[in-house]
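Please treat every number below as a calculation from the coordinates, not as lab data. Keep in mind it's a predicted model, so treat the numbers as computed, not measured. In this analysis, Cβ positions are derived from the backbone assuming ideal geometry, glycine residues included, and neighbour counts consider all displayed protein chains.
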């Protein structure tokens, strides 16, 4: 049924941004992301961090689609990020994951893939063109828990094969006083020998951010991630198993001295996406 809500995601995003829009001076900035690469939940910001950051938190997702996804996932991401604040940043991350299937009564836990990434800022908003533009290359390296289907949190590699994945994202952002709009277009590649797994998938994300005060920031986010599973076998598989991942979410960030806190709530817009996602992160600058 969530597919019926997909067409309204853009309307919901624009409506939320219209409510938040009020002219004033931008005063806040944030350095939080799921994997430490400064951003929101999935749509990364084109801006780079300044200094060294450590981050951890909890991510809970609940699924209620029998024969497609039925169960829950609890994960604890941890990441380290270092950047010069102008041109570049690098990051390393992984996560601990525990999942339970209500349909099969199976459960597994283990360490997720190792994420290694970076960001090169090509243009900055303080320059005459007035917008931010960056490239974000990354690789995810499988761990020993891959055979337990413990992979990366983005579902880029939905198999138990030990295949590394490679990606490149183009990040764009533009600010207008208190409001900031960020877009993310990426391609992810994995060399798989499985016939039902596509090598390449495409990612798209769009986020509207509003600076409420010097310490509070709110955002609305939509993202679409291509599912590498391509079964093409309607008589023998459950319909919607190979749907793409789509989510609509909102979050708030709070900064206190060298600490940052993020809370995010989202819902899926396709059958393979979670019905509810709740994310909380804590970030420390050194």
- Message: Starting from the 7 Å offset along Cα-to-Cβ, what nm value, one decimal, do you get for the label separation of residue 84 and residue 147?
- Response: 4.5
- Between residue 122 and residue 286, what length comes free when the chain is fully extended (0.36 nm per residue of separation minus the Cα-Cα distance, one decimal in nm)? 56.5 nm
- Message: Run the numbers for residue 216 and residue 183: contour at 0.36 nm per residue of separation, minus the present Cα-Cα distance, in nm.
- Response: 9.8 nm
- Note on the structure: Residue separation between residue 166 and residue 92 times 0.36 nm, minus their alpha-carbon distance, gives in nm 25.2 nm
- If you take the alpha carbon radius of gyration of the range 163-258 and divide it by 2.2 N^0.38 Å, what ratio comes out, to two decimals? 1.45
- Solution diffusion estimate, µm²/s, Stokes-Einstein, the range 64-150, Kirkwood Rh from C-alpha pairs, 37 °C, viscosity 0.692 mPa s: 210
- Segments 141-151, 190-200, 265-275 sorted - mean Cβ within 10 Å per residue, highest first: 265-275, 141-151, 190-200
- Determine, from the Cβ-Cβ distance of residue 257 and residue 60 and an R0 of 45 Å, the FRET efficiency 1/(1 + (r/R0)^6), rounded to the nearest 0.05. 0.95
